[in-house]
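Asker: Okay, here's the structure, questions in a sec.
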Amino acid sequence: MFSLKSKKAVVTGGGSGIGQAIAVQLAANGAEVHILEITEQSGQQTLEKIRSYGGNATVYACDVSKQKDVLEVFAQIGAINILVNNAGIAHIGKADTTSEDDFDRIYNVNIKGVYNCLFAAIPQIRKSGGGVIINMASIAALVGIPDRFAYSTAKGAVKAMTMSVAKDYINENIRCNSISPARVHTPFVDGFLQKNYPDNIEEMFEKLSKTQPIGRMAQPEEVASLALYLCSDEASFITGVDYPIDGGFTTLNN
Ligand SMILES: NC(=O)c1ccc[n+]([C@@H]2O[C@H](COP(=O)([O-])OP(=O)(O)OC[C@H]3O[C@@H](n4cnc5c(N)ncnc54)[C@H](O)[C@@H]3O)[C@@H](O)[C@H]2O)c1
């Protein structure tokens, strides 16, 4: 089941958290993985993990918000079968407390970064006769989350881009789906707690865990397993769908 043997996959933000878990699982199931990462050093850590059990990966220092750089890296990689648009950053704020700079920063990585990789990847997927795209959205695209104005805006756009791409390339054998996790325990969450609640990290961790009706945060590997399935030929009839993976957050929180 779920063999990605002879598939070439690009994972953005593969140096940490969900992206690292996805890169590892894709490689563990046979894919040749190419990691685009703004912090190359973290990409190298993923590479070491993958190599430790004989997997195959390459890391490229690349900021996904820079189209020229993204195009250069994809040209270097050549034809691919899979794109996982995972790189993303967080921001806390409401519409009237989000500065223009912060809004632009979130836009540039979480929306334009996804577009840049789609723009560069689709011609390379076409060369392979088709393939699969996964975009990392969030439950913030589905329901109102407090203090996440710019982030929710961006993730809503990611979900909409997913439907647009799924529609436009369906006749070219390209499937496109998105994944919408609730809280996943990654450095993303640890950094958020450190920055915003330095004096009561443990209490806030517990509180955030309990916002999922299942009573905990997800592990990155649980999201990666869904990504692996969606990338595999076993999911060949699935396109244009957003998958909440949220411990009941969107449907059971009442
Ligand atoms: N952790 C959660 O609770 C959660 C929930 C829902 C959605 N998500 C989404 O999942 C994705 C991954 O989140 P995570 O929790 O693993 O985060 P993380 O911070 O642990 O990892 C994100 C990775 O992306 C890289 N990155 C950031 N900006 C980049 C850029 N401009 N170019 C290239 N790489 C860049 C970072 O260096 C990092 O390695 C994000 O899109 C995030 O919005 C996370």
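The values are calculated or read from the model by the stated rules, or taken from the named source; none is laboratory data. No experiment lies behind these values; they were computed from the predicted model shown. Quick reminder, even Gly has a Cβ in these numbers, built from the backbone with ideal geometry, and neighbours come from all protein chains shown.
Asker: If I go through region 188-211 residue by residue, how many of them are within 10 Å of the ligand (Cβ to nearest atom) and either assigned to a loop (DSSP other than H, G, I, E, B) or assigned by TED's automatic domain parsing to the domain that holds LYS49 (or both)?
Answerer: From region 188-211, those within 10 Å of the ligand (Cβ to nearest atom) are 188-192, 208; that's our starting set.
Among the residues that remain, those that are also either assigned to a loop (DSSP other than H, G, I, E, B) or assigned by TED's automatic domain parsing to the domain that holds LYS49 (or both) are: none.
So the count comes out to 0.
Asker: Tally up the residues in region 1-52 that are within 10 Å of the ligand (Cβ to nearest atom), at negative phi and surrounded by fewer than 24 Cβ atoms within 10 Å (Cβ to Cβ), please.
Answerer: The number of residues fulfilling the criteria is 7.
Asker: Restricting to region 53-70, name every residue that is over 23 Å from SER6 (Cβ atoms), of a type in the set (A, V, I, L, M, F, W, C) and buried (at least 16 other Cβ atoms within 10 Å of the Cβ). I'd like the intermediate steps shown before the answer.
Answerer: If we filter region 53-70 for residues that are over 23 Å from SER6 (Cβ atoms), which is where we start, we get 61-70.
Add one more test, that the residue is of a type in the set (A, V, I, L, M, F, W, C), and what stays is 61-62, 64, 70.
Of everything in region 53-70, those that are over 23 Å from SER6 (Cβ atoms), of a type in the set (A, V, I, L, M, F, W, C) and buried (at least 16 other Cβ atoms within 10 Å of the Cβ) turn out to be CYS62, VAL64, VAL70.
Asker: Would you check if ILE179 is crowded, with 16+ Cβ neighbours inside 10 Å, over 24 Å from THR39 (Cα atoms) and touching a helix residue (DSSP H, G or I) at 6+ places or on another chain (Cβ under 9 Å)? Outline the logic, then answer.
Answerer: Details: crowded, with 16+ Cβ neighbours inside 10 Å: yes; over 24 Å from THR39 (Cα atoms): no; touching a helix residue (DSSP H, G or I) at 6+ places or on another chain (Cβ under 9 Å): yes.
For ILE179, the condition - crowded, with 16+ Cβ neighbours inside 10 Å, over 24 Å from THR39 (Cα atoms) and touching a helix residue (DSSP H, G or I) at 6+ places or on another chain (Cβ under 9 Å) - is not met.
Asker: Given VAL33, VAL64, VAL59, which one is assigned to a strand (DSSP E or B) and more than 19 Å from PRO220 (Cα to Cα)?
Answerer: VAL59
Conditions tested, residue by residue: (1) modelled with pLDDT under 95; (2) over 22 Å from LYS49 (Cβ atoms).
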| site | (1), (2) |
| --- | --- |
| SER164 | no, yes |
| ASN173 | no, yes |
| ILE179 | no, no |
| PRO187 | yes, no |
| ASP190 | yes, no |
| ASN196 | yes, yes |
| MET217 | no, no |
| LEU228 | no, no |
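Asker: Being in contact with a helix residue (DSSP H, G or I) (Cβ under 7 Å, 6 or more places away or on another chain) and part of a loop (DSSP other than H, G, I, E, B) is the filter; apply it to region 107-137 and report the residue that is farthest from ASN85 (Cα to Cα).
Answerer: The selected residue is GLY130.
Asker: Which is touching a strand residue (DSSP E or B) at 6+ places or on another chain (Cβ under 7 Å), modelled with pLDDT of 95 or more and within 16 Å of LEU83 (Cα to Cα), of VAL24, VAL59? Before you say what the answer is, go through the steps one by one.
Answerer: Details: VAL24 fails: touching a strand residue (DSSP E or B) at 6+ places or on another chain (Cβ under 7 Å).
Testing whether each residue is touching a strand residue (DSSP E or B) at 6+ places or on another chain (Cβ under 7 Å), modelled with pLDDT of 95 or more and within 16 Å of LEU83 (Cα to Cα) leaves just VAL59.
Asker: Right, here's the next one. Could you say which residue among ALA87, ALA75, ALA160, ALA140 is modelled with pLDDT of 95 or more, crowded, with 19+ Cβ neighbours inside 10 Å and assigned to a helix (DSSP H, G or I)? Steps first, answer last, please.
Answerer: Numbers: ALA87 fails: assigned to a helix (DSSP H, G or I); ALA75 fails: crowded, with 19+ Cβ neighbours inside 10 Å; ALA160 fails: crowded, with 19+ Cβ neighbours inside 10 Å.
From the options ALA87, ALA75, ALA160, ALA140, the qualifying one is ALA140.
Asker: Let me ask something else. If you go through region 198-254 one residue at a time, how many are over 20 Å from ILE139 (Cβ atoms) and of a type in the set (Ser, Thr, Tyr)? Give the derivation first.
Answerer: Here is the first cut: in region 198-254, the ones over 20 Å from ILE139 (Cβ atoms) are 198-203, 228, 231-237, 239.
If we keep only those that are of a type in the set (Ser, Thr, Tyr) as well, we get 232, 236, 239.
Residues flagged as over 20 Å from ILE139 (Cβ atoms) and of a type in the set (Ser, Thr, Tyr) within region 198-254 amount to 3.
Asker: Of these, VAL11, VAL59, which one is more than 23 Å from SER180 (Cα to Cα), hydrophobic (A, V, I, L, M, F, W, C) and out of contact with any Cys (no Cβ under 6 Å at 6 or more places or on another chain)? Walk me through how you get there before you give the answer.
Answerer: Details: VAL11 fails: more than 23 Å from SER180 (Cα to Cα).
The unique qualifying residue is VAL59.
Asker: Which condition number does ILE145 fail, the rest of (1) within 12 Å of the ligand (Cβ to nearest atom); (2) under 29 Å from PRO123 (Cα atoms) being met?
Answerer: (2)
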